[in-house]
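A.B. asks: Just passing along the structure, written as structure tokens.
Derivation of every value follows stated rules applied to the coordinates shown; laboratory data play no part. Every value quoted in this text rests on a predicted model; they were computed, and no experiment measured them. Cβ atoms come from the backbone with ideal geometry, glycine included; neighbour counts cover every protein chain shown.
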Amino acid sequence: MPAMTKTAEPILEVTGLVKHYPLTQGILFKKQVGAVRAVDGVDFALGAGETLGIVGESGCGKSTVAKMLVNLEKPTAGTIKYKGEDITKMSGRALKAVRRNIQMVFQDPYTSLNPRMTVGDIIGEPYEIHPEVAPKGDRRQKVQDLLDVVGLNPEYINRYPHQFSGGQRQRIGIARGLALRPEIIVADEPVSALDVSVQAQVINLLDRLQSEFDLSYVFIAHDLSIVRHISDRVGVMYLGRIVEIGRDAEIYDHPTHPYTQALLSAVPVPDPEAREHRERIILTGDVPSPANPPSGCRFRTRCWKAQERCELEVPLLAVPAEFRLTTDPTAHDSACHFAEEKHVVPTDDLDDGVK
Amino acid sequence: MPEQPYEPEGAIAATGMGGAMDLAMSEAETLEKGPGDGNGPSDKPRSLWSDAWLDLRRNPVFIISSLVILFLVVISIWPSAIASGNPLKCDLANAQKGSAPGHPFGYDGQGCDVYTRTVYGARTSVTVGVCATLGVAILGSVLGGLAGFFGGIWDSVLSRITDVFFAIPVVLGGLVLLSVVTSSTVWPVIGFMVLLGWPQISRIARGSVITAKQNDYVQAARALGASNSRMLLRHITPNAVAPVIVVATIALGTYIALEATLSYLGVGLKPPTVSWGIDISSASVYVRNAPHALLWPSGALAVTVLAFIMLGDAVRDALDPKLR
Amino acid sequence: MLLEVRDLHVEFRTRDGVAKAVNGVTYSVDAGETLAVLGESGSGKSVTAQAVMGILDTPPGKITGGEILFQGKDLLTFKEEERRKVRGAQMAMIFQDALSSLNPVLSVGDQLGEMFTVHRGLSRKDARTKAVELMDRVRIPAASQRVRDYPHQFSGGMRQRIMIAMALALEPALIIADEPTTALDVTVQAQVMDLLAELQRELNMGLILITHDLGVVADVADKIAVMYAGRIVESAPVHDIYKAPAHPYTKGLLESIPRLDQKGRELYAIKGLPPNLMNIPPGCAFNPRCPMAQDICRTDVPPLAEVDEDRRSACYFWRETLDARND
């Protein structure tokens, strides 16, 4: 793992990010009848060289956040500051320049590559859109270098995507993301479509590229084990909001939000010895609809600690008052009125692999 | 289309198997590079088009129908190559006569040579079919494609307009609109077909553009900062054009048949234009005395329409990704 | 033994060649026991299950050898009519994608009730009552009201419960669950797995759990069969395999998954890709990816050797594997 290099000045700062999709009725003249609150007030910062993991279940808004970061969706409200400049207000040339620096790796390696283009055309397309990055004569060489960097044979340049396996296609997608030498890569579930034995290859590749190219990652996934492996800090999302955020050990070993605790305790651990002495929190019910989220704390409908206060008062994402004076890992941002630490990930009987 | 030698390969082997089958057919080679990487993917580029072309070349339906169409195209460009006579030079003295030396198909009611008229009629049919299809395909796919890509109010408006056009019965519309036209050229008929035909293509183009637009690779191009025109031309059109081609090919045959129908009803083409429809119409009056005058133009029409529809079918089979 | 699969072979004939999907699979499961069949895509784990259920598409699939003994009788000798009586009533299957496995135009009550009207000859009214009972049993809230709802009106977790209810309707002796929780979120996944395990205990059913998730296996299985390229490469009681795998593939898999409880160093990655089933490497199918491969692995197919009483490994070097560490 690259050393955690959290600098004082964040490279990306997200404040009050909101995305509502209007629900409309009518055939020709549409009338808004409500809104799906996919993302409803998200704040976080990403330091240079850092990996921020964002986890959550389907429908929590994590993919929508990713799309807004790379400008595929326009936020309804809020700011995304790249090196201090708000990219949501940009357009034209300024926006194009910023886009170069924030690139995305997609989830599905089967739909994210144009089947009618050769690998060379796919990886070379960024240079056609941003011709200032590489003069025409150099492009073929650059594409071959990129293939080499991601662990593919540079001679594959004239092949079509369907001639590659899922893992190889994901490498092609990563090469395309690297072409413009971005500073930030937003990866939306980059390994979830791959076979177990191939996942590790791609994760290792992402790890290696980070130190080689000084990348900062926003790594979005539902698999908590993979997120822990790759992230320096982790944010947990539920129904459009971040409920808890902190360094990886703070979240995994000292979670204080009940949702994080339930999520962590539900992850199957590949250790049959653990099944007897593991405490599992089984949540009841399903995630409420983001078109009609519960008042107050959004998790209260499934929370075993919920009280009247949770219904009336929205808990803020901050260090809970009871931990504010300590310096131990429990003192991190958690949006719960009744935050308390609970160990849910068994650690005692395992050798410590942290370097 | 580039011609590629066919080489069976794991990549497309899953044909015909259910999605539940977890066969890693395409996982044919290792990720390791460097020495010993002799078993990488085959180096021959294979795209949808080259796969489709391979499929077509092995399909007898395609070969027969394209030979028929090729022949039709040749005789409509040089009808004099196989028919030395003049289709408009008629002698009433020969009216309704059967076949004679140099006039294998006999004569029609006006004493014109049926063989010459049938050969020259091909030009009209092919012109009408090709021009109407081109007009419909261009107008329909541009309107439908743009509506699908940009969406919003224009999409809603266009969808309602196509609904209106779908409600017009084609033959009735032809009787009403074309009966006021006096020109004897093919253009009013072609114009009418384009006017009523474009909504069909526009609907298909709109649907396939919307499908292609949702693909991650279009999003990926957008995230790179690609312009709308790049996304449309480079990413969406190549992936959305196949259904349009298929439907247009099948429609071509129906336009030829529609021209004959309108001409038969007297609102399509008018003499002195030579057309199968006109000949069928006039021959039907004296069908008992000279059935051959009806038989030959109708036969030519049927074979032509069938050839285009079969071609369309073969192209659809080759391009339909669900079958491959 | 409730179910015994012996030396099963399945092929798929396609226009591009013959794909050998299953090449001599042997496993067994007893009443009340959970067997996890672990493998990646293309390992043949689902094809084996489809062959056991008798729902393999033939053609292109073809069972070319072996026996499937269910309660002592070889199902492969049954006529289709007899086979159909076994299906649903004595063995049932749960699929990954509950939405596409349920009929969208029938209410869930009708679909559950159908099991009783068809197999048990109950009246529609009695079948409806049974359907509500079943929905209660899989803990669908307000079952008596929701029995008239259609599949799309339920959430993913609830739909998977309905699938389980349907599989359990006739109290079969054997349940085959093919990636039952892969499509679900982690909190819902835990609910569904718990429910399935509980009902299995209650009804003393045999359960074959097909999955690629080593975590799920560790949570519920009694014994594991690991499949690779249509063969079982290792079978063992669940505790043994996680403690010390006896096949390099199992070992590689276990070391390649990131852990929730530690940040860890670089992941061990099995090099290469699973083989093309039309062109399985000679000898041990895993040899091109194996760090321990010797000449014999490239020429001879390793037999499933006995490691100890209830443990087998198809590796010539299982002793070395037990001791070694991948680094």
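A.B. asks: Treat each spin label as a single point 7 Å out from the Cα along the C-beta direction, and report the C:R201 to B:W187 distance in nm.
C.D. replies: Rounded to a tenth, the inter-label distance reads 8.6 nm.
A.B. asks: Taking H placed 1.01 Å from N in the peptide plane, check which residues at least 5 places from A:M104 or on another chain put their amide H under 5 Å from its amide H.
C.D. replies: Those qualifying (amide H under 5 Å, at least 5 residues apart or on another chain) are A:V186.
A.B. asks: Once amide H atoms are placed 1.01 Å from N in the peptide plane, what residues at a sequence separation of 5 or more from C:I232, or on another chain, have their amide H within under 5 Å of its amide H?
C.D. replies: Distant-sequence amide H within range of C:I232: C:T26.
A.B. asks: Now for a different question. List the relative contact order of region B:53-319 as a percent without decimals, with contacts defined as Cα pairs under 8 Å and 6+ residues apart.
C.D. replies: RCO, region B:53-319: 26 percent.
A.B. asks: Using a Förster radius of 51 Å, what is the FRET efficiency between B:L134 and B:R288 based on their Cβ-Cβ separation? Nearest 0.05, please.
C.D. replies: 0.80
A.B. asks: Roughly speaking, what is the centre-to-centre gap between region C:33-70 and region C:180-244 when only Cα atoms are used, to the nearest Å?
C.D. replies: Cα centres, region C:33-70 to region C:180-244: 17 Å.
A.B. asks: Still on this structure: When the Karplus curve 6.51 cos²θ - 1.76 cosθ + 1.60 is applied with θ = phi - 60°, which whole-Hz ³J(HN,Hα) does each residue of region A:312-319 get, with x for Gly and Pro?
C.D. replies: Coupling constants for region A:312-319: 8, 10, 6, x, 8, 7, 7, 5 Hz.
A.B. asks: Sequence-distant or interchain residues sharing an amide H contact under 5 Å with C:C315, placed H: which?
C.D. replies: Answer set, sorted by chain and number: C:A305.
A.B. asks: Sticking with this one: For region B:260-268, take each phi angle, set θ = phi - 60°, evaluate the Karplus expression 6.51 cos²θ - 1.76 cosθ + 1.60, and give the result in whole Hz per residue in order, putting x for glycine and proline.
C.D. replies: With coefficients 6.51, -1.76 and 1.60, one gets 4, 4, 5, 5, 4, 6, x, 10, x Hz.
A.B. asks: How tilted is helix C:124-137 with respect to the longest principal axis of chain C? Cα atoms for both, answer in degrees (0 to 90, nearest 10).
C.D. replies: For helix C:124-137, the angle is close to 50 degrees.
A.B. asks: Step through the residues of region A:251-267 one at a time and calculate ³J(HN,Hα) from phi using the Karplus curve (6.51 cos²θ - 1.76 cosθ + 1.60, θ = phi - 60°), rounding each to whole Hz and writing x for Gly and Pro.
C.D. replies: Result, rounded to whole Hz: 6, 7, 9, 9, x, 10, 8, x, 5, 4, 5, 5, 4, 5, 6, 7, 5.
A.B. asks: Turning to a different aspect of this structure: Got a sec? How would B:W49, B:W296, B:W154 order by Cβ neighbour count within 10 Å, fewest to most?
C.D. replies: B:W154, B:W49, B:W296
A.B. asks: Can you give the angle from 0 to 90° between the axis of helix A:196-213 and the longest principal axis of chain A, with both taken from C-alpha atoms, to the nearest 10?
C.D. replies: Orientation of helix A:196-213: about 70 degrees from the principal axis.
A.B. asks: OK, next. For helix A:119-129, report the angle its Cα long axis makes with the longest principal axis of the Cα atoms of chain A; keep it between 0 and 90° and round to the nearest 10°.
C.D. replies: So the inclination is approximately 90 degrees.
A.B. asks: Could you tell me the calculated FRET efficiency between C:A305 and A:L312, based on Cβ-Cβ distance and R0 = 60 angstrom, to the nearest 0.05?
C.D. replies: 0.35
A.B. asks: From the Cα gyration tensor of region A:234-326, with a ≥ b ≥ c the square roots of its eigenvalues, which class applies: rounded if a/c is under 1.5, or else prolate if a/b is larger than b/c, or else oblate?
C.D. replies: oblate
A.B. asks: In which sequence would C:L2, C:L99 go, from the one with the fewest C-beta neighbours within 10 Å to the one with the most?
C.D. replies: Final ranking by Cβ density, sparse to dense: C:L99, C:L2.
A.B. asks: GNM, chain A, Cα, under 10 Å: largest mean-square fluctuation among A:T284, A:T51, A:T330?
C.D. replies: A:T284
A.B. asks: Run the numbers for C:D57 and C:A31: contour at 0.36 nm per residue of separation, minus the present Cα-Cα distance, in nm.
C.D. replies: Result: 6.6 nm gained on full extension.
A.B. asks: For C:T117 and A:Y21, what does the FRET efficiency come to when R0 = 41 Å and r is the distance between their Cβ atoms, rounded to the nearest 0.05?
C.D. replies: 0.45
A.B. asks: Here's another thing I want to ask about it. Which of C:T187, C:T48, C:T26 moves the most in a Gaussian network model of chain C with Cα springs under 10 Å?
C.D. replies: Highest fluctuation among the options: C:T187.
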